Amino acid sequence: MEFDFKVSSGALHVVSSLQQAGYETYIVGGAIRDLLLDKQPKDFDISTSATPEEVREVFGKRTARIIGKRFRLVHVFADREIFEVSTFRRQPSLHAGDMNDPKALCKPENMILSDNSYGSSEEDAFRRDFTVNALFYDPVAKKLLDYTGMGLEDIRNHVVRAIGVPALRFEEDPVRILRALKLVAQFNFSLEPATENALFASLDLFRHAASGRKTLELEKILKSVYSDRHLETFFDYGLLNSFLPELAAVWGSDAMNYALDLLYERNVRVESGLYRDSISLALAAAALPFAEAFLGAAPGQLWEKRTEKVVMAVREAVENIFAPQTMMVRVREAAIKIILMQSTLENFTGNSKTELFRQRSYSHARELLLIRHLALGEDISELARMWPRGDDHEEKVEFFPQRRPKKAEAKNSAREHKERKPRRRGRSSRTRRSGKPELPPDFSE
């Protein structure tokens, strides 16, 4: 199938260079899914028949660096970008008898601890997690390969379908449970029935995933513009209990609802190009309501002075809200400063703001100040004039960018927690998502 996708010049250079050296090479995975959904990929992953050593030989040691042990790949620098280049792998397989034995599936011993068995491009497609992530694109020949035969159809139908035996896919890598639900949250996809059954049956295995990988996924979630949807979806499917139990324990509380509203306002403005995708700002937005709760205050009721008790409450909220996952120290410290500056900006009585403007945390603190008032349904025009941006850039979009719809209400499921109460969002006026994302005309026909 021919598709003329617009890819970055760096990605095209890496693919064409490897092809010219005689290696079969494609852009793979989520980038192709995003292009088919008419979305701009954040990065382009590349897969090739060349081994990591051969890739480094093509680009040179200064441009290509081999990384990883469990999954060896190469970081290639091209056109001021870093591209992950992996070698085609083949699927580790169970014995034929085990494939038909339910007791052989959904066990920690089936987890893949090393994935460096090289194979063909077709074998590589069938070892991937979901059909929507198993599409291969050749930007030189403009050809799209769908080895599973289901990838294009599942994207059209907005379905997340595991490749092969769903239970085994999740057992091999429990982080795939989280990634499946990220697709549900971000694109309003639904889980194919067998995949959904396996996901529910495999939830307990998520605790076996490496803590470093779970923390990395959390950082990606906070950096994204869908963090509020992700958390809601994780709760709906029961993953939050294993991933972020501290949040699951307070789900539905006023503080939790306020935190989701703050994340939503932050995400809207990042998506509109007004804010940077700062993890520290997202962490500050999520933690602030819990700092207020620790102090016995209602959501949105900020403290007046920065007392020792306030500092301790803020630090406790930032360090514990996403436990047992742990953010980097510099991210946590930045979030603490952003939160503590709120009372200074809210109750400023001085004559000069110059010193505040010079503080490294001022820009994000100002952003949190504005989204706090937005989440409470208040006008921020006067605040925005009082506290101008801390850099030399003009505002590129209006203070109230167009709102994207919120995550749709989760469908009723026989596996939903019987005791779970429906969400209530008293302050938010955002609308729920309706319908499915539109596909580009040349793809939907």
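Taken together, the values in this text are just the output of simple stated rules run on the coordinates, not laboratory data. As the structure is a computational prediction, the values presented were derived from the model and not from experiment. So basically every Cβ, Gly included, is an ideal-geometry build from the backbone, and we count neighbours across all protein chains shown.
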Show the residues, 5+ positions off or on another chain, whose built amide H is closer than 5 Å to the amide H of A78. F83
May I ask you to compute the full-extension gain from H208 to M312, defined as 0.36 nm times their residue separation minus their alpha-carbon distance, rounded to one decimal in nm? 34.2 nm
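What net charge is computed for the residues neighbouring Y26, neighbours being all others with C-beta under 10 Å from the C-beta of Y26, Lys and Arg scored +1, Asp and Glu -1?
Details: positive: K143; negative: E24, D45, D124, D138.
Around Y26, the surrounding residues sum to -3.
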Give the distance, in whole Å, between the Cα centre of the range 136-151 and the Cα centre of the range 32-75. 17
Of the listed pairs K142/K214; K39/K353; K223/K353; K61/K337, those with alpha carbons more than 31 Å apart are K142/K214; K39/K353; K61/K337
Counting sequence-distant residues (5 or more places) and residues on other chains, those with an amide H built under 5 Å from that of R89 are G119, D124
Once you have the Cα-Cα distance between T215 and Q40, take 0.36 nm times their residue separation minus that, and quote the gain in nm to one decimal. 60.5 nm
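With a ≥ b ≥ c the root eigenvalues of the C-alpha gyration tensor of the range 202-273, is it rounded (a/c under 1.5), prolate (a/b larger than b/c) or oblate? Could you put the intermediate results ahead of the total?
Details: a/c = 2.48, a/b = 1.38, b/c = 1.80.
Oblate, because a/c is 1.5 or more while a/b does not exceed b/c.
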Short version: ³J(HN,Hα) in whole Hz for each residue of the range 164-169, in order, from phi by Karplus 6.51 cos²θ - 1.76 cosθ + 1.60 (θ = phi - 60°), x for Gly and Pro, what are they? x, 7, x, 4, 5, 4
So if I take the centroid of the Cα atoms in the range 324-346 and the same for the range 233-306, what is the distance between those two points in Å? 13
Output for the range 185-342 (equivalent-ellipsoid semi-axes, sqrt of 5λ from the C-alpha gyration tensor, Å, descending) is 28, 17, 15
